[in-house]
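I have placed the structure first, in the form of structure tokens, so that the comments after it can refer back to it.
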Amino acid sequence: MTRLAAKNINVKRAYEPPTKGDGTRILVDRLWPRGLRKTDAAIDHWVKDIAPSTKLRKWFGHEPARWQEFRQRYADEIRGYPERLDELRACARSGRITLVFAAHDEAYNNAVVLRDVLLSRIGTRS
């Protein structure tokens with residue numbers, strides 16, 4: 001299987017305006033972004049099931065000190081959805097995708113972890 005090109009998978013806040021360069025826009029949060037109209041979001045697909053579990057999301061609380069542990073725990077959760085990962089990878093192979101998220105922090109959020117998993121940059125625990 002060929003490796004995905006990093007340029008084909010972007011991450012972007014849901015509150016930023018969509019652009020042509022986004023390609024297929026995929027919302028990767030369990031909850032719809034607060035205060036955002038569906039028409040303004042221009043979401044092509046919403047994959048709630050691959051978002052962090054409610055328990056993990058609440059534990060993380062976007063605390064940078066918990067980031068590394070969150071990355072590993074979430075990567076482990078994601079791998080429980082191999083069919084969904086295959087679908088996202090296939091979509092990225094056919095063109096650019098943008099993983100859309102609602103968190104304020106652009107560096108420490110689930111879309112960043114999902115992108116790294118799709119690009120196989122995060123290993124699993126033994």
### Query
Under unit Cβ charges (Lys, Arg +1; Asp, Glu -1), what dipole magnitude, rounded to 20 debye, does segment 6-118 have relative to its Cα centre?
140 debye
### Query
So what J values fall out for segment 27-36 if you push phi through Karplus, 6.51 cos²θ - 1.76 cosθ + 1.60 with θ = phi - 60°, rounded to Hz, Gly and Pro as x?
6, 10, 10, 6, 10, 5, x, 4, x, 9
#### Entry: Gyration tensor verdict on segment 6-118 (Cα atoms; rounded if a/c is under 1.5, prolate if a/b is larger than b/c, oblate otherwise)
oblate
#### Entry: Antiparallel DSSP beta bridges within segment 6-118, percent to nearest 5
0 percent
### Summary
With only helices counted (DSSP H, runs n ≥ 4, each -39500 (n - 2.57)), the per-residue ellipticity at 222 nm for the chain, to the nearest 500, works out to -10000 deg cm²/dmol
#### Entry: segment 4-14 - phi-based ³J(HN,Hα) in whole Hz, Karplus 6.51/-1.76/1.60, Gly and Pro as x
6, 7, 4, 5, 7, 10, 9, 10, 7, 5, 4
### Message
Which trypsin sites (Lys or Arg not before Pro) in segment 52-101 sit in a loop by DSSP (not H, G, I, E or B) and have at most 13 other Cβ atoms within 10 Å of their own Cβ?
### Response
Arg79
### Fewest-first sequence of Asp86, Asp76, Asp22 by Cβ atoms within 10 Å of each Cβ
Asp86, Asp76, Asp22
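Readers should treat all values here as calculations from the given coordinates under stated rules, not as data from a laboratory. Note that the structure is predicted; figures quoted are calculated from it, not measured. Here the Cβ is made from the backbone with ideal geometry for all residues, glycine too, and neighbour counts use every protein chain on show.
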